[in-house]
Amino acid sequence: MFSRREFLRISAMASAAALVNWQCPSALARERKKDRDEYDAIIIGSGLGGLSCAALLAKQGFRPLVIEKNSKPGGYATSFERQGFTCEASLHGVSGMPLSQQVLGQLGVADKLTFVPHDFSWSSRYPGLPLDFSQPPRDQFGQADANQALVNASQALAAMFPSEATGIGEYMQCWAGLLSDINKFYAPGGGMPDDPSQFPVLYPVWSRIIDKTLDQLFEVYALTTPALTAILGQSWPYYGLPPSQLPAWLYLWFTGMYYGYGKFYIEGTSSSLSDALAETIKTAGGKILLKNEVSEIIIEDGRAVGVKANKTGHRRYKTYYARAVVSNAAVPLTFGKLLPESVKNDLGEYLDNVATGQPSTSHFNVWLGLDLSKDNGTFMEYYEQLGSDSMLYYGFNHDDAYDGLLQCDPERTGVGVLAHDKILPGYSPDGHLTLTLTMLSGYEPWKEFEEDYFTNRHPRRRKKEYYKEKDRITEQIISFVEERALPGLSDLIVMQEASTPLTNVRFTNNTQGSIYGYDQTMDNSGFTRLAKFGQRTPIDGLYLAGAWSYPGGGFEPVMLSGIEAVKCMVEDGVLPIS
């Protein structure tokens, strides 16, 4: 029998299976007037969750309005230019899982994007131990042999750790079994059985590990060598928590998407995805209002009916009305600042859940433009040995690395190196290369700079301590990468830019600069995100999209969140459907 927590977790997954195979109905043809019903939905924020929600609505004939405070859409899925170099804000890779292609097709952008494979499905460098997992056998994006990929990984690891070969083989069989269960669950005719007690019969591996962390799963298969468990848990930075805290099923599912189906980058940058979604919205009759910020969600008779928004830097606001409001903003911001105080009195238990959820880690980025004419031969020799997207770890203990990143200490954690020109030849100006160095970071080390950062507008004159610390961490990250992987790096730098968790707060309004919404813990991950309500909220007409809601952080999950918001609106009868 299931525990109550297991039952709630499994029950919540039923809607997820329906979501993947769900077809959005079309809007009811009607004459539109410029009145309170001018828009079918107002979406606050243009992150991928908000854009996906609006794109699906517009594609089906509804009229969404997206309001975004920045000058371009995308949230973290964006890029910018510095001194002739293109800087990627967040994207390192997306999976080749068929589900990804299906979602992009639903949103009307699959044929507008080109996916370019990384050279490896995962590349890492531990002290004295370089490791590259090959891409799975595949024909194209979305077509790969996932089982064979796991067999290849099992054989490679067994050769490296012969004393644990049996445990490795059983662990990989568990992994393959989970992916099989998940594919069955999401296939037509799958999903949650009418009798929940049959779940273990239909999905035996999933049910067996659903209440275990990744570290606990290592214990089940007696995998104890630190280097081995470090390798098996090496992609945890993609999900924000170490194996001791991360749900095993979530890790194996999402990491299996890369190992089993391949790892890809979007030709151009992540802006290509955001721009494609924005184009779908606009050409299908929706509207995107940039450089405008929502200051309040309007509640009438207990229902969300619109928003107040003002142009960036202006005090005068304008009122917009719609049948529903979808917040792609951070959940703590939505319920902490955007709702009238009078409404919050009736949201006790829900607000408790909002308050107790821990925002995930943020990150610190360093963008570098390199002049190859300055290389004496050393740099390129090592550059050619590095994968297109590699993680450099200081050691084998992931809990120590997590503690190091909470302190924003590059010398005690891991740094990702994205080599754009290895994926897209010609990405940089002739004779140059572009690198993005990324380190997860806690927010606590940056809290002392909040007041100066947000109250003093002059870029440097009154923020000396902040910029001093930012420059110090930047140089530490560059030195770490230079010492561990790319000797001679610092001599080639002709463009250098960096961002901190405070930068994330300023550009995205995400609480503590979070990049994954809430921490993806055992009780608040995947399909249990705010599980009592999911995309719905206690306020009629108010819905959620984005990493803070179901199913969580990451490009593919966030796009699914936008689709789920539309599904909820249809089920609730909010949208006029034909």
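For the reader, a short list of remarks on this structure follows.
- Helices (runs of 4 or more DSSP H) (entirely within segment 373-425) containing at least 1 residues that are over 24 Å from I515 (Cα atoms) and modelled with pLDDT of 95 or more: 378-383, 420-423
Here's the yes/no breakdown for (1) assigned to a loop (DSSP other than H, G, I, E, B); (2) modelled with pLDDT of 95 or more; (3) buried (at least 21 other Cβ atoms within 10 Å of the Cβ):
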{"residue": "S11", "(1), (2), (3)": "no, no, no"}
{"residue": "Q23", "(1), (2), (3)": "yes, no, no"}
{"residue": "S52", "(1), (2), (3)": "no, yes, yes"}
{"residue": "A55", "(1), (2), (3)": "no, yes, yes"}
{"residue": "T86", "(1), (2), (3)": "no, yes, no"}
{"residue": "S100", "(1), (2), (3)": "no, no, yes"}
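- Whichever residue in segment 545-578 is outside any helix (DSSP H, G or I) and among the hydrophobic types (A, V, I, L, M, F, W, C) and, among such residues, is surrounded by the fewest Cβ atoms within 10 Å (Cβ to Cβ): I577
- Condition check for I168: modelled with pLDDT of 95 or more and either within 25 Å of the chain's Cα centre (by Cα) or in a helix (DSSP H, G or I) (or both): yes
- Within segment 208-242, the only residue that satisfies the criterion of being surrounded by fewer than 21 Cβ atoms within 10 Å (Cβ to Cβ) and on the phi > 0 side of the Ramachandran plot is A222.
- Test set (1) of a type in the set (A, V, I, L, M, F, W, C); (2) at pLDDT below 90; (3) within 18 Å of S274 (Cα to Cα) - A531 fails condition number: (3)
- Meets criteria (of a type in the set (A, V, I, L, M, F, W, C), under 21 Å from G546 (Cβ atoms) and in contact with a Leu (Cβ under 7 Å, 6 or more places away or on another chain)) for I288: no
- Which numbered condition T503 misses (of (1) more than 17 Å from the chain's Cα centre (by Cα); (2) modelled with pLDDT of 95 or more; (3) closer than 17 Å to G50 by Cβ): (3)
- Scanning segment 258-271 for residues that are assigned to a helix (DSSP H, G or I) and in contact with a helix residue (DSSP H, G or I) (Cβ under 8 Å, 6 or more places away or on another chain) returns Y259, G260, Y261, S270.
- The one condition in (1) over 30 Å from T378 (Cα atoms); (2) of a type in the set (A, V, I, L, M); (3) surrounded by fewer than 18 Cβ atoms within 10 Å (Cβ to Cβ) that I493 fails to fulfil: (1)
- Any hit, segment 103-111, residues being part of a loop (DSSP other than H, G, I, E, B), surrounded by fewer than 21 Cβ atoms within 10 Å (Cβ to Cβ), at pLDDT 95 or above and not assigned by TED's automatic domain parsing to the domain that holds L28: no
- Failed criterion for V505 (all others in (1) more than 20 Å from Q23 (Cα to Cα); (2) assigned to a loop (DSSP other than H, G, I, E, B); (3) aliphatic (A, V, I, L, M) hold): (2)
- Given (1) assigned to a helix (DSSP H, G or I); (2) at pLDDT below 95, index of the condition E483 fails: (2)
The values are calculated or read from the model by the stated rules, or taken from the named source; none is laboratory data. Not measured: the values here are computed from a predicted model. Methodologically, a virtual Cβ is constructed for each residue, glycine included, from the backbone with ideal geometry; neighbour enumeration extends over all protein chains shown.
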